[in-house]
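One structure below.
The values are calculated or read from the model by the stated rules, or taken from the named source; none is laboratory data. Here the structure is a predicted model, which means the values were calculated and not measured. Heads up, the Cβs are rebuilt from the backbone with ideal geometry, glycines too, and the neighbour counts pull from every protein chain shown.
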Amino acid sequence: MNIDLFATLIALLTFFGIAALMAISLNLEYGVAGIPNFGQALFVSIGAYTTGVTYTRLLPLLAGQEAINPCGATLAPALQLRSEIMRTMPAVGLGNFVLTLLIAAVIGGVVGYAVSYIILRLKQEWYLALVLLVGGETVRIFVRGYQPIVCANNGISGIAGPFAWVGNTQTASILFALLVLAFAGAAYWYSEKLARSPYGRLLKAVRENEQVARSLGKNVARIRAQVMLIGSAIAAISGVLFALNIGFVSTNDYVVTLTLDVWVMVVLGGLGNNRGALLGALLITLMDRATAITAIQLNRLGTDIEFNYFRYILFGVILLLMLRYRPRGLLPETRFTTPAHQYLARSQETGDARSP
Amino acid sequence: MTVTLLVDSLVRSVQVGSLYALMAIGLTLTMNVVRLPNFAHAEYITIGAYTALIVSLGVSSNPLLILGAAFLVTALVALGSHHAVFRPLEKHRTSTYTMLLASFAVGLILRYIVFLLADYFELFDRRIQIPLEVWYRSSVVILTNIFFWVVPTSIGLVIAFSLLLNRTPLGREMRALANNFDLARIIGIRVGRVVNLTWLLVGGLAGVAGALWGLYTSVNPLIGWFAILSVFAAAILGGLSSFPGTILGAYLVGLSENTLMQILNVTIGLDFSFKPAIPFIIIILVLLFRPQGFTEFLRSNRGLRR
């Protein structure tokens, strides 16, 4: 029982870390810079599909072997080959992991930059929301219909985390959880630094009033595209970790409800506040697990009602209640003072503007 | 053989296009009168289809009764969602994104309530109980009573709705609201009443469209969601602000989803699993290259806005 509880905690922490990455990325885009990214599923899926491709094509090449087509008749030998490599060759496994992250971040970032740079110059801004939402579904339909990426409908299974060579499953999952949390921590630290930098203040200025920012000579479209580049890269990284965590890449996971989950996290936690994003990610992860466990328990009692649907209804209600009664979230955005402000405040106290 | 396929796909294009037109004019009206890109519109379609299914299973298989019930129930759901969610949010002067998000949330809640009920009463992928009759048969095409219900009803409703908008005092007030909300209020239009009627009409039309859509295919909790992006594609093709444009856009989307898809399938062997991507590609291409839509040459295109 104790071991079971411990494993649950590890799984929960991993899920939390991945959710936190997604929430931080959206918070940076919408909370700080005011860009309505309704394509979170698109960027997460870019990471996941990249994982599907690199773990079936790149991994054997790195190990010095011929890649086998992972779909159809050669499915079993391909699966065996990659699990063999991941189990026995730590350097290749880790190298492939790092390369996957890099490739995913680059593709995600470039797509985010390109799409938003084109669309954000249009008058009606919610077009970007629509294009990203629609883009995610389009990519999903293509990947689902086009065999070579992740075997169309079947998906790709048997993608172990970067620590499969450890041997002990529990140690591997602990190491992976720590790695995910480290990524989440790094993303938090980075976006906190970014939001408090002069550049972050520029982003908030663009969010608050685009015309003013433009009249001060700022290239609003480019600034927003830059934020999308960073945010999408983080989302793509979270997609890689997501795929590695569940060990499976399937087009069915990256649908619009995933995007909405991330939105619920950010709106619940607090727009423009990175701690809020973390809190939202934590609460939603807990709620997600809790409703899943409750649904299983209740269905075991033999009721006819499918309790899994309540999860979506609950999330919808939370979103509406937050938008209605606490639009700024549980942890609203805080004011922060720059060194220059602090200097000014001190000098006003002493009455001399020049004294430090 | 090829001719049969082509004619068959054209028949489907007309059928689907008429339904998209019926769904899209409601969406265009919401976008203009209440300024909300309403994703919950998808769920009104689903609810209309389910109302039709339940009436046909439990009450009667008279198509008029079925469509009437679908109109009524969905109109009330749409009005309810306005009063419960959208109006309180509007009062707080929230941004378009907040409203968009709220419409997603409403859609999510409605969709999964439908899922729950459909699961409990075992109503997945059921067909609306109307006896199928062949009304026209030739060497290349067979037309059933469903076709003769779907197409004239849709076209008739679209025409009736356009007349309402252009020829009646209520329509004029709606257009005034779409044009300038504050000014409409100042000159004494009872804004609340007009908005309520707009929601009833929008919901009712979506419900009828859903019921007809359910006649055409089978009913499941996702039919509205699968249709909604095609409907957005139609509205965007029409420039989001005009009825003639939206209707033209709807038929274009229907045509490309069926006839164009069929042609691509025969000529270059494109698989039918790519069909759902067509409306998405239309949306992306239009927004990238011609965000004002393709129909500004239509005389009345600027009718709803400016």
Which residue is modelled with the lowest pLDDT, if the candidates are limited to the stretch A:60-92 and must be out of contact with any Gly (no Cβ under 9 Å at 6 or more places or on another chain) and charged (D, E, K, R)? A:66
Do you know which residues across the stretch B:76-96 are more than 17 Å from residue A:321 (Cβ to Cβ) and either in a loop (DSSP other than H, G, I, E, B) or at the interface with another protein chain (Cβ under 10 Å from one of its Cβ atoms) (or both)? B:93, B:95, B:96
If you take just the helices (runs of 4 or more DSSP H) that sit entirely in the stretch A:179-270, which of them hold at least 2 residues that are on the phi < 0 side of the Ramachandran plot and under 13 Å from the mean Cα position of the chain (by Cα)? A:220-246, A:256-269
If you go through B:209, B:227, B:178, B:184, the only one that is touching a Gly at 6+ places or on another chain (Cβ under 7 Å) and either among the aliphatic types (A, V, I, L, M) or more than 28 Å from residue B:88 (Cα to Cα) (or both) is B:209
Among (1) assigned to a helix (DSSP H, G or I); (2) within 14 Å of another protein chain (Cβ to nearest Cβ); (3) of a type in the set (S, T, N, Q), where does residue B:56 come up short? (2)
Quick check on the stretch A:40-48. Is at least one of its residues assigned to a helix (DSSP H, G or I) and touching a strand residue (DSSP E or B) at 6+ places or on another chain (Cβ under 6 Å)? yes
In the stretch A:117-163, anything closer than 25 Å to residue A:73 by Cβ and in a helix (DSSP H, G or I) is listed as A:142, A:143, A:144, A:145, A:147, A:148, A:149, A:150, A:152, A:153, A:154
Give the residues of the stretch B:98-122 that are within 7 Å of another protein chain (Cβ to nearest Cβ) and among the hydroxyl-bearing types (Ser, Thr, Tyr), sorted by residue number. B:98, B:112, B:120
Of all residues in the stretch A:206-235 being touching a residue at least 60 places away in the same chain (Cβ under 8 Å) and of a type in the set (S, T, N, Q), which is surrounded by the fewest Cβ atoms within 10 Å (Cβ to Cβ)? A:226
Evaluate the following for residue A:268: is it under 24 Å from residue A:31 (Cβ atoms), in contact (Cβ under 8 Å) with a residue 12 or more places away in the chain and surrounded by fewer than 16 Cβ atoms within 10 Å (Cβ to Cβ)? no
Could you check, for the stretch A:283-303, whether at least one of its residues is within 11 Å of chain B (Cβ to nearest Cβ), over 13 Å from the mean Cα position of the chain (by Cα) and surrounded by fewer than 22 Cβ atoms within 10 Å (Cβ to Cβ)? yes
So residue B:132, is it surrounded by fewer than 17 Cβ atoms within 10 Å (Cβ to Cβ) and away from chain A (no Cβ under 14 Å): yes
Kindly provide the set of residues from the stretch A:255-268 that are more than 9 Å from every other protein chain (Cβ to nearest Cβ) and at pLDDT below 90, ordered by number. A:255
